[in-house]
């Protein structure tokens, strides 16, 4: 599930970069799992996100710009974020 969050993060970064830079520029994104089991992603522009699984099994992502996203698998098996 954390891979979906990383993909969403990369898309968010790409869309924000796309609007402020020429099309030939792209930011590299690297992700890793830290000591506490959180999934941490960072791009070359200094943006980052940290994803952790909460008590209820939701993947909670906090972005460096103050944004937050929570994702879970619904009854039908869909991975839903809001």
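The values are calculated or read from the model by the stated rules, or taken from the named source; none is laboratory data. What you see is a predicted model; the values in this text were computed from it and never measured. So basically every Cβ, Gly included, is an ideal-geometry build from the backbone, and we count neighbours across all protein chains shown.
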For region 49-68, which positions are assigned to a loop (DSSP other than H, G, I, E, B) and either in contact with a strand residue (DSSP E or B) (Cβ under 7 Å, 6 or more places away or on another chain) or surrounded by 15 or more Cβ atoms within 10 Å (Cβ to Cβ) (or both)?
54, 57, 58, 64
Residue under question is residue 46, and the condition is that it be loosely packed, with under 10 Cβ neighbours inside 10 Å and modelled with pLDDT of 60 or more; does it hold?
yes
